[in-house]
1. Could you tell me how many of the residues in the range 89-126 are assigned to a loop (DSSP other than H, G, I, E, B) and of a type in the set (D, E, K, R)?
2. Give the residues of the range 108-131 that are modelled with pLDDT under 90 and either within 21 Å of residue 49 (Cα to Cα) or not polar (S, T, N, Q) (or both), sorted by residue number.
3. Output the residues belonging to the range 87-119 that are touching a strand residue (DSSP E or B) at 6+ places or on another chain (Cβ under 6 Å) and over 24 Å from residue 41 (Cβ atoms).
4. Scan the range 132-172 residue by residue and report those that are polar (S, T, N, Q), more than 30 Å from residue 110 (Cβ to Cβ) and modelled with pLDDT of 90 or more.
5. If you go through the range 26-66 one residue at a time, how many are of a type outside the set (Asp, Glu), at pLDDT 90 or above and not in a strand (DSSP E or B)?
6. All but one of (1) within 30 Å of residue 116 (Cα to Cα); (2) modelled with pLDDT of 75 or more; (3) small (Gly, Ala, Ser); (4) surrounded by 10 or more Cβ atoms within 10 Å (Cβ to Cβ) hold for residue 175, so report the exception by its number.
7. Only residues in the range 139-165 that are part of a loop (DSSP other than H, G, I, E, B) count as the first member; pair them with residues that are at pLDDT 80 or above and of a type in the set (A, V, I, L, M, F, W, C), Cβ under 9 angstrom, at least 6 apart or cross-chain, and list the lot.
8. Restricting attention to the range 101-115, which residues are in contact (Cβ under 8 Å) with a residue 40 or more places away in the chain and crowded, with 16+ Cβ neighbours inside 10 Å?
Amino acid sequence: MKHFIYNSHIICTILILITCWNGSLVETSEKKRPDVNFYGTITVHSSTQKTIEDILIGGKYEEIPVYENNESKPSTVIDPKKNKIFLDLHNISSIELKYPDSPTEHELKISNQQYIEIIVTFITGSKQTYMVETSREISCLEIDKGSDNLQNPINKERKLSFIHAKKLIINGYKSGEPTKKSKKYEKEDKVDAANNTEKTLDQIEKNVNNLSKDSSNYETIKNSLLSLLRTLRNQIHKLLSMIKD
């Protein structure tokens, strides 16, 4: 009997581990949407432009890793992982292939990994060239209203590798939560959000007041301020959601 109970415990433990392993076998009745819905358009190699929502890059809309290459001609001996920076869709206007008409001819093979160059246009108007894995996935929800401009469009989940996307345009963002599932906020939540917003503002003011004239610290200070501003924006977004409720 003890032997049976012991074996039962082992079987149960194995089943739990299998089910929880990376969530790969766990199915939900409703796919969870991103908490921030970035929307815009995407143009593929057929030159077809699609209206899309729920845009994610590698499953993220912030802290998206890309790789810098300051050389005029990308080298196959560099290590991209040592030149990693992180992007945020809040700050991006568009992402396009550097060589949209012949992407496969311009792939870079570095340490058995294929990369492709992209041009990122920021909301400030500045542009920067980066490298990203060719297979990095863009996921989104395609909104198909059809030729009759249907009031209830057909939504199609779509995933494609970077090399297949000529241009991605970010038109804006909004709450990703369905309106019928409005979240209820307690008074304590609103107080916490207000206090956190005030603390972030104080930190930004402190950083600006302590701004060094030493140009060597410029990038560090800039990145710190941008990070704080992202935090502030998220707090304000949360406060606005609470006010609407």
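The values are calculated or read from the model by the stated rules, or taken from the named source; none is laboratory data. Being a predicted model, the structure only gives us computed values, none of them experimental. Don't worry about glycine lacking a Cβ; one is built from the backbone with ideal geometry, like all the others, and counts go over all protein chains shown.
1. Going through the range 89-126 one residue at a time, the tally reaches 3.
2. 108, 109, 110
3. Across the range 87-119, the qualifying residues are 107, 108, 115.
4. 171
5. Going through the range 26-66 one residue at a time, the tally reaches 3.
6. (1)
7. Partner pairs satisfying both residue conditions: 153/143.
8. Selection gives 103, 115.
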